[in-house]
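**Student:** Have a look at this one.
The values are calculated or read from the model by the stated rules, or taken from the named source; none is laboratory data. This one's a predicted model, so the numbers in the text were calculated from it and none came from an experiment. When we count neighbours, we look across all protein chains shown, and the Cβ atoms used for this are built from the backbone with ideal geometry, even at glycine. Just so you know, the surface numbers come from the protein's heavy atoms only, side chains and all, with ligands and any DNA or RNA stripped out. Shrake-Rupley method; radii C 1.70, N 1.55, O 1.52, S 1.80 Å.
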Amino acid sequence: MAPDKAWPSALLLDLQGVLIEDQRALPGAVDTVNLARRRGVAIRFVTNTATRHHDDLLQDLQQLGLAAEPSELATAPLAARSWLEREHRHPLALVHPAIAPLFAGSSGEPPDCVLLGDGRDLLSYANLNRALELLMQGAPLIGIGRNRRFREAGRWMLDAGAFLQALEYGADCTALVMGKPSAEFFSEVVRSLGLPADACLMVGDDVEADVCGAAAAGLRAWLVQTGKYRPGDEAQLPRGCAVISGIGALPKQLGW
């Protein structure tokens, strides 16, 4: 069957491992984004990255030739901040110093929830036990993401999801996850586009957080064989999800 040249109406593109790796644009990333823009395809840059402020991410994209408007950037930390503001919550924020200012408005108030992200050295035994105490008192647990691991400078690193699951297990609770693979996160991005979910294509390197998460929210989703991809990930793909070698292969796969 020939590709539908009117589809997709929007591309949701993960950053690390899909468009960017080791502070450089991956092959074909710039050309693919520029081609999508020329075709009138809406773009959302979606990420669970919790170690960079969104202003810095926008600057990174600009420097790599992937200029983005603030409205095109959908991050898990921003989604978490929106939820905290709506719910008038004051978190114990175990997050990276780069995004701590996003939650500074709650400082000085006794914490009534736990917010956990990629806090690196803040995710100490003492701090995790402090979080556990709050959770045992009934405070909700909010996760910026549930990713298992990530790659940095060629090494595998534990991501926030591992620590989130430890707290869930210890406190016998279930976290509210604000980033991928949360259906709420993908639905919020789709609402910002004003499109049906199946008119949107998510492209990611994390088979669980990107592809399965998006598919569960009703989007189409494709897996790239870069970044976090590992041979065998294809076995986890929902029906209808394609695999491409990298972002540079996307235009040909779409028939552009």
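**Student:** Highest GNM mean-square fluctuation, the chain, Cα pairs closer than 10 Å: which of A217, A76, A104?
**Tutor:** Highest fluctuation of the listed residues: A104.
**Student:** Among (i) 57, 46, 44; (ii) 57, 36, 36; (iii) 54, 39, 38, which one is Cα extents along the principal axes in Å computed from these coordinates?
**Tutor:** Correct label, based on the coordinates given: (ii).
**Student:** While we're looking at this one, here's another question. Along the charge dipole of the range 154-255, which of V243, L195, P181 sits closest to the positive end, that is, farthest toward it, with unit charges on the beta carbon of Lys, Arg, Asp and Glu (+1, +1, -1, -1)?
**Tutor:** About the Cα centre, the residue reaching furthest to the positive side is V243.
**Student:** Which order do W256, W156, W83 take when ranked by solvent-accessible area (1.4 Å probe, heavy atoms of all protein chains), largest first? Don't skip to the end; give the middle numbers.
**Tutor:** Details: W256 60, W156 105, W83 40 Å².
Accessible-area ranking of W256, W156, W83, largest first: W156, W256, W83.
**Student:** Quick one: among L57, L115, L158, which has the greatest mean-square fluctuation in a GNM of the chain with alpha-carbon springs under 10 angstrom?
**Tutor:** Among L57, L115, L158, the largest mean-square fluctuation in the Gaussian network model of the chain belongs to L158.
**Student:** A further question on this structure: Accessible surface of R120 in the full protein assembly, 1.4 angstrom probe, to the nearest 10 Å²?
**Tutor:** Accessible area of R120: about 80 Å².
**Student:** Here's another thing I want to ask about it. Taking the Cα centre of the chain as origin, sum charge times position over the Cβ atoms of Lys and Arg (+1) and Asp and Glu (-1), and report the length of that vector in debye to the nearest 20. Intermediate values should be presented prior to the final figure.
**Tutor:** Numbers: 24 positive and 30 negative charges, 129 e Å.
Around 620 debye, computed over the chain.
**Student:** Take the chain, connect every pair of alpha-carbon atoms lying under 10 Å apart with a spring to form a Gaussian network, then pick out the residue of A199, A235, A100 with the largest mean-square fluctuation.
**Tutor:** Residue with maximal mean-square fluctuation among A199, A235, A100: A235.
**Student:** Given +1 on the Cβ of Lys and Arg, -1 on the Cβ of Asp and Glu, and no further charges, what dipole in debye does the range 187-252 carry about its Cα centre, rounded to the nearest 20?
**Tutor:** Values: 6 positive and 8 negative charges, 37 e Å.
With Lys and Arg at +1 and Asp and Glu at -1, about 180 debye.
**Student:** Could you tell me the center-to-center distance, by alpha carbons, between the range 123-148 and the range 34-95 in angstrom?
**Tutor:** 24
**Student:** Let me ask something else about it. Over the heavy atoms of E85, what accessible area does a 1.4 Å probe trace out, to the nearest 10 Å²?
**Tutor:** Number for this one is 110 Å².
**Student:** Please state the equivalent ellipsoid semi-axes for the range 89-206: what are the square roots of 5 times the Cα gyration tensor eigenvalues, largest first, in whole Å? Can you show the working numbers first?
**Tutor:** Values: eigenvalues 134, 66, 41 Å².
Sorted largest first and rounded, they come to 26, 18, 14 Å.
**Student:** Provide V207, V30 ordered by accessible surface of protein heavy atoms (probe 1.4 Å), highest first.
**Tutor:** On the way: V207 10, V30 40 Å².
Sorted by accessible area, descending: V30, V207.
**Student:** Using +1 at the C-beta of Lys and Arg and -1 at the C-beta of Asp and Glu, which of G145, A76, Y125 has the Cα lying farthest in the positive direction of the dipole of the range 62-148?
**Tutor:** Positive-end residue among those listed: Y125.
**Student:** What helices does the chain have that are whole DSSP H segments, at least 15 Å long along their own axis by Cα, and with mean Kyte-Doolittle hydropathy of 0.5 or more? All intermediate terms of the calculation are to be shown ahead of the outcome.
**Tutor:** Working: long enough: 76-87 (17 Å, -0.53); 125-136 (16 Å, 0.37); 160-171 (17 Å, 0.71); 183-193 (16 Å, 0.59).
Qualifying helices, which must be both long enough and hydrophobic enough, are 160-171, 183-193.
**Student:** What order do K252, K180 take when sorted by accessible area (1.4 Å probe), most exposed first?
**Tutor:** K252, K180
**Student:** Give me the dipole magnitude in Debye, nearest 20, for the range 150-234 about the Cα centre, with unit charges on the beta carbon: positive for Lys and Arg, negative for Asp and Glu.
**Tutor:** On the way: 7 positive and 13 negative charges, 45 e Å.
The calculation lands at about 220 debye.
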